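> I'd like to ask you about the structure that follows.
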Amino acid sequence: MYETFDHTADIGLRIRAADLDALFSDAARAMFSVIVANLETVRPNQEVAFSLEADELDELLRKWLAELLYTFHVRRLIFSEFTVTVRPGGLGATVRGEPIDPSRHEMDVEIKAVTWPGLRLERDGEGWMAEVIVDI
């Protein structure tokens, strides 16, 4: 589950999930739901694999979202399906999506970066919660 919240000239993403795999998957989906107003129209017909390393979970989350954002900007791919396995010291992921199609995809907000300020990732009573601020 995720939601957005206003944060000065940026957008905040708040994600809650039962486990870290779901949290990282939902965080990616939340970010792309800001980029593409009609994310449900994105067809999962191209697959990209990711393997990332980081010492801390919050660093790993920021790195994960930044890598997805970089791939979106460079390869012009929109992702809608995310399978993530968080492991000690990193993660492995497979994401699916397709190239931007202006005739079908309604581009909404341009995200420039995933920021460190305001980044939170912690256990809560029902699993995990993260807050991420994206620069628009």
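> Any chance you could check the Cα centroid distance between the range 36-60 and the range 76-136 for me, in angstrom?
So the two Cα centres are separated by 6 Å.
> Here's something else I'd like to know. Which angle from 0 to 90°, rounded to the nearest 10, does the C-alpha axis of helix 57-75 make with the longest principal axis of the chain?
10 degrees
> Also, I was wondering about something else. How would the range 46-100 be classified by its alpha-carbon gyration tensor: rounded, prolate or oblate, with rounded meaning a/c under 1.5 and the a/b versus b/c comparison settling the rest?
Here the range 46-100 falls in the prolate category.
> About its Cα centre, how strong a charge dipole does the range 86-133 have in debye, to the nearest 20, once Lys and Arg get +1 and Asp and Glu get -1 at the Cβ?
Dipole about the Cα centre, nearest 20: 280 debye.
> Taking the dipole about the Cα centre of the range 68-119, with the C-beta of Lys and Arg at +1 and of Asp and Glu at -1, give me whichever of Phe79, Leu68, Gly97 is farthest to the positive side.
The one lying farthest along the dipole's positive direction is Leu68.
> What FRET efficiency comes out for the pair Val48/Leu119, r = Cβ-Cβ distance, R0 = 41 Å, nearest 0.05?
For Val48 and Leu119, the calculated efficiency is 0.95.
> Please determine, in degrees from 0 to 90 and to the nearest 10, the orientation of helix 20-35 with respect to the longest principal axis defined by the Cα atoms of the chain, where the helix direction is its Cα long axis.
40 degrees
> Report the net charge of residues surrounding Leu39, where surrounding means a beta-carbon distance below 14 angstrom and charges are Lys +1, Arg +1, Asp -1, Glu -1.
-3
> Quick one: length gained pulling Glu106 to Ile136 fully straight, 0.36 nm per residue minus the C-alpha distance?
Result: 9.1 nm gained on full extension.
> A follow-up question, please. For the chain, the longest stretch holding no trypsin sites (Lys or Arg not before Pro) located in a DSSP loop with at most 16 other Cβ atoms within 10 Å is which?
It runs 1-75.
> So what is the calculated 222 nm ellipticity per residue for the chain, using -39500 (n - 2.57) for each DSSP H run with n of 4 or more, over all residues, to the nearest 500 deg cm²/dmol?
Helix-only estimate at 222 nm: -8500 deg cm²/dmol.
> How do Glu59, Glu110 stack up against each other in accessible area, from largest to smallest, with a 1.4 angstrom probe?
Glu110, Glu59
> A further question on this structure: Of [x] 13.9, 43; [y] 17.0, 52; [z] 16.4, 51, which is the value of Rg and Dmax of the Cα atoms in Å derived from the coordinates here?
[x]
> Would you please classify the overall shape of the range 1-81 from the alpha carbon gyration tensor, given that a ≥ b ≥ c denote the square roots of the eigenvalues, rounded means a/c under 1.5, and beyond that prolate means a/b larger than b/c while oblate covers the rest?
Because its axes are fairly even, with a/c under 1.5, the range 1-81 counts as rounded.
The values are calculated or read from the model by the stated rules, or taken from the named source; none is laboratory data. What you are looking at is a predicted structure, and each value in this text was computed from that prediction instead of being measured. For neighbour counting, all protein chains shown are included, and Cβ atoms are generated from backbone atoms with ideal geometry for every residue, glycine included. In case anyone asks, the SASA skips ligands and DNA or RNA and just uses the protein heavy atoms, side chains included. Shrake-Rupley method; radii C 1.70, N 1.55, O 1.52, S 1.80 Å.
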